[in-house]
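Everything below concerns the one structure shown next.
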Amino acid sequence: MSAPFGRRVAVVVSRVELGAYVVLEVADDATPAAPGQFYMLAAVERWGGGEDERPFLGRAISALAARGERRVAFLLEDVGPGTRRLCELEAGDDMYLVGPLGRGFVPPEDGQEALLVGGGVGIPPLAMFQEAWGGRALLGFRDAQRAPGASLFDNPEVATDDGSVGHHGPVTDLLDRVLGEGGEFVLYGCGPPGLLEALRVRALRHGVAAQLCLEAPMACGFGACYGCVVETTEGYKRICVDGPVLDAAVLV
Amino acid sequence: MIDFCGIELAHPVINASGCFDVLAARACFGEELIERFPFSAYVSKTVTLAPRAGNPPPRLWESAAGMINSIGLPNPGIEGYLDEHLGEYAKLGVPLITNVMGSTAAEFVALLAALEDRSEVAAIELNVSCPNVATGLDIGADPRGLRLLLEELRPLTQKPLIVKLTPNTADVGACASAAEEGGADAVSLINTLRAMALGYGGKPWLGGGSGGLSGPAIRAVALAQVASVAERVAIPIVGMGGVSSGADAAALLEVGALLVAVGTESFRDPAAGARISAELARLFAENAGS
Ligand SMILES: Cc1cc2nc3c(=O)[nH]c(=O)nc-3n(C[C@H](O)[C@H](O)[C@H](O)COP(=O)(O)OP(=O)(O)OC[C@H]3O[C@@H](n4cnc5c(N)ncnc54)[C@H](O)[C@@H]3O)c2cc1C
Ligand SMILES: Cc1cc2nc3c(=O)[nH]c(=O)nc-3n(C[C@H](O)[C@H](O)[C@H](O)COP(=O)(O)O)c2cc1C
Ligand code: FES
């Protein structure tokens, strides 16, 4: 299913704070996103003039949920001028939207158990995955301000870096325990580069398949600029059109 | 209709090379892209003789009202382009301009030879922003070298030759006029301005070390360079650099461009070209009415 051509204006219908995160719900009646797909977002008003006179380009943001019929939701963390401006948007504000874009996750086959391993603001594609296809969620957060992100999941197991919520340590501790129990697993991962690399290594070591949702700075999100590449066994691939979800086996 | 070097174009807005991959865009947006194709001609990304992987990431840096890229001209090489891309581009229903770059005159000669029999190609754009191995200067930054290159290439093809001038030169007007003397049918400008960005620890951020600045940040430079080239040459000019509205396009036409190309703005809005040409048509209509 393809996205409408061009950027469109959509209205923010709600803004809810979830600890350090902001959840925006936006009215949109285009093709719903699949888990792992993303949109390029920008505010219609005052996009620019922040830190370093940025933002200028749209920002790639994963779909969190295609709620009901005509809604799409996003989870945002203020990490710079682009996400800061998006986090400021209130119900009634206009937003530019291009998408849904990219290739999302492929669901597990019968008899396989999906392990959804997410870190921080990387959890939205996994929340959407669980809603669509189920799966056991293992989530890592920095601290108690971010752990409320776990409320987007059914029965999540949580780890925090500072030990304030759940297991004290990296989410890979939880994963190692589950992998140790044995089973027909497929890993689905999204989060910071360090986590994705840890998942890639574990997938290799345990001989399990892994689909990882990658990130790179993006100018366009639709394959036009060749700016978002990652090195793979088949050369550089554009994360926006060949991903963002890639099979861990092709990563180097 | 606009007559550009004998090619009929429906309106004056085309894409800037390397800023719109129709094959990827079609995969994202489907048939609507073709039905509402924003450009009156399609310019390919730069094609070189041998395939190129491009520069290591990171390739992008966002700057004030613009961006710096060090993409490094990834492309499948001329054979891959002819076998895999050109046939698909031909389905767009607009004239095709193939942008090529050689690092020597001999490479340009081979690229022109490969394109000569392909009727799908309406014109050839020569990217001369490649450093000359002998002098270290961009081929396009040296007026004499540029004239000699064009004198060698002009007799080799029936197709119009557009020279994509580099802005990284002391006197772009002299370069444009040298291209015209050498036999160029048109010039296009501006390419990106050489730029760099520092990341953590004061190290260059971009994988390629430095890159090229584009977007609104270079719009005023583009206007000045197009204006100075227009004073020096009689051949058609394709103006580009930071065009993000019909008014920006009108300004380039006002100082002497026949066509305008949209690059970076398409990243922010894939359909920017359509909006810009509609705004431009409205400006023309208003002016005609007043
Ligand atoms: C497919 C995909 C999905 C994503 N989903 C989400 C999501 O659901 N929620 C969410 O909050 N984020 C998401 N992101 C991440 C978000 O798009 C980026 O973090 C974005 O760059 C933030 O922009 P900013 O202006 O807030 O921060 P920036 O200032 O862009 O900082 C982010 C990082 O970019 C680098 N950087 C700093 N300055 C520059 C510069 N001038 N030019 C280029 N790079 C620079 C640094 O490494 C910095 O840590 C996603 C990214 C991708 C690719
Ligand atoms: C990401 C990117 C890739 C580009 N690739 C090419 C290229 O392959 N060949 C070329 O001649 N120019 C290339 N350019 C330059 C553009 O065609 C154009 O000259 C320049 O970006 C100025 O226009 P703009 O400000 O509208 O982007 C590229 C520019 C960008 C931003
Ligand atoms: S972001 Fe432009 S090609 Fe991927």
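Over chain A, give the accessible area per residue in Å² for a 1.4 Å probe, as an integer.
Working: 10270 Å² over 252 residues.
That works out to 41 Å² per residue.
Kindly point out which whole DSSP H helices in chain B project their C-alpha atoms 24 angstrom or further along the helix axis while averaging a Kyte-Doolittle hydropathy of -0.5 or above.
Flagged H segments are B:272-289.
To the nearest 100 Å², how much accessible surface do chains A and B cover up together, summed over both, with a 1.4 Å probe? Walk me through the intermediate numbers first.
Numbers: alone 11770 and 12490 Å², together 21330 Å².
Buried area between the two chains comes out at roughly 2900 Å².
Tell me, Kirkwood radius of region A:16-133 from alpha-carbon pair distances, in Å?
Details: mean 1/r = 0.0668 Å⁻¹.
Computed over Cα pairs of region A:16-133, the Kirkwood hydrodynamic radius comes out at 15.0 Å.
In square angstrom, rounded to the nearest 10, how much accessible surface does residue B:36 have for a 1.4 Å probe?
Counting only protein heavy atoms, the figure is 110 Å².
Let me have the 222 nm mean residue ellipticity of chain B computed from DSSP H runs of 4+ only, each contributing -39500 (n - 2.57), with the sum over all residues rounded to the nearest 500.
Numbers: 11 runs with 98 residues, N = 290.
Result for chain B, helices only: -9500 deg cm²/dmol.
Skip the ligands, DNA and RNA, and give the accessible area per residue of chain B with a 1.4 Å probe, whole Å².
So chain B comes to 38 Å² accessible per residue, rounded to a whole number.
What list of whole percents do you get for P(r) of region B:96-222, with Cα-Cα distances grouped in 5 Å bins up to the one holding the largest distance?
Bin by bin from 0 Å, the calculated values are 2, 11, 20, 21, 18, 13, 9, 4, 2, 1, 0.
Please compute, over every Cα-Cα pair in region A:103-167, the percentage with a separation greater than 21 angstrom. Present the calculation step by step, with values, prior to reporting the outcome.
Details: 463 of 2080 pairs.
Of all Cα-Cα pairs in region A:103-167, 22 percent lie more than 21 Å apart.
Express in % the proportion of alpha carbon pairs of region A:70-192 at distances exceeding 23 Å.
37 percent
Step by step: find N for the protein assembly as shown, compute 2.2 N^0.38 Å, then divide the Cα radius of gyration by it. What's the final number?
Relative to the 2.2 N^0.38 Å estimate, the protein assembly as shown comes out at 1.03.
Heads up, I need the accessible area for residue A:79: 1.4 angstrom probe, whole protein in place, Å², nearest 10.
Roll a 1.4 Å probe over it and residue A:79 shows about 110 Å².
What size of dipole, in debye to the nearest 20, comes out for the protein assembly as shown about its Cα centre when the only charges are +1 on Lys and Arg C-beta atoms and -1 on Asp and Glu C-beta atoms?
Values: 40 positive and 65 negative charges, 115 e Å.
Computed about the Cα centre, the dipole is about 560 debye.
Using the Cα centre as the reference, give the magnitude of the dipole from point charges on the C-beta atoms of region A:1-128 (Lys, Arg: +1; Asp, Glu: -1; all else neutral), rounded to the nearest 20 debye. Before the final figure, lay out each step's value.
Values: 12 positive and 18 negative charges, 58 e Å.
Dipole about the Cα centre, nearest 20: 280 debye.
Distances over 18 Å make up what percent of all Cα-Cα pairs in region A:165-252? Don't skip to the answer; put the middle values down first.
Working: 1813 of 3828 pairs.
Percent of Cα pairs beyond 18 Å in region A:165-252: 47.
If you put +1 on each Lys and Arg Cβ and -1 on each Asp and Glu Cβ, how big is the dipole of region B:149-199 around its Cα centre, in Debye rounded to 20? Don't jump to the answer; show the numbers that get you there.
Numbers: 4 positive and 6 negative charges, 56 e Å.
With only Lys, Arg, Asp and Glu charged at Cβ, the dipole is about 260 debye.
Show log10 I(q)/I(0) for chain A at q = 0.13, 0.18 Å⁻¹, two decimals, from a solvent-free Debye sum over equal Cα scatterers.
-0.79, -1.49
Loop by DSSP (not H, G, I, E, B), at most 11 other beta-carbon atoms within 10 Å: where is the longest site-free stretch of chain A for GluC sites (Glu not before Pro)?
Counting at most 11 other Cβ atoms within 10 Å as exposed, the longest clean stretch of chain A is A:110-183.
If a/c stays under 1.5 just call it rounded; otherwise compare a/b with b/c (prolate if a/b is bigger, oblate if not). Do that for chain B, with a ≥ b ≥ c from the square roots of the Cα gyration tensor eigenvalues.
Working: a/c = 1.16, a/b = 1.08, b/c = 1.07.
It is rounded, given that a/c, with a ≥ b ≥ c, falls under 1.5.
May I ask you to give the percent of accessible area on chain B that is carbon plus sulfur, with a probe radius of 1.4 Å?
55 percent
At 1.4 Å probe size, what's the solvent-accessible area of residue B:144? Round to the nearest 10 Å².
Here the accessible area works out near 150 Å².
Determine the residues within region A:1-20 where the difference in accessible area between the chain on its own and the full set of protein chains amounts to at least 40 Å²; count protein heavy atoms only and use a 1.4 Å probe.
A:2, A:5, A:7
For region B:70-112, state what percent of all Cα-Cα pairs lands in each successive 10 Å bin, counting from 0 Å until the bin that includes the largest distance.
22, 50, 26, 2
Once you order the gyration tensor axes a ≥ b ≥ c over the Cα atoms, which shape class does region B:20-171 get: rounded for a/c under 1.5, otherwise prolate or oblate by comparing a/b with b/c?
oblate
What number, rounded to the nearest 500 deg cm²/dmol, is the helix-based mean residue ellipticity at 222 nm of chain A, given -39500 (n - 2.57) per DSSP H run of at least four residues and division by all its residues?
-5500 deg cm²/dmol
Please give the Cα centre distance for region B:30-86 versus region A:129-178, rounded to the nearest Å.
Region B:30-86 and region A:129-178 have Cα centres separated by 40 Å.
The values are calculated or read from the model by the stated rules, or taken from the named source; none is laboratory data. Since we're looking at a predicted model, the values are computed, not measured. Using ideal geometry, Cβ is built from the backbone for each residue, glycine included, and neighbour counts are taken over all protein chains shown. Ligands, DNA and RNA are stripped out before the accessible areas are found, and what is left, the full protein with its side chains, is counted by its heavy atoms. Shrake-Rupley method; radii C 1.70, N 1.55, O 1.52, S 1.80 Å.
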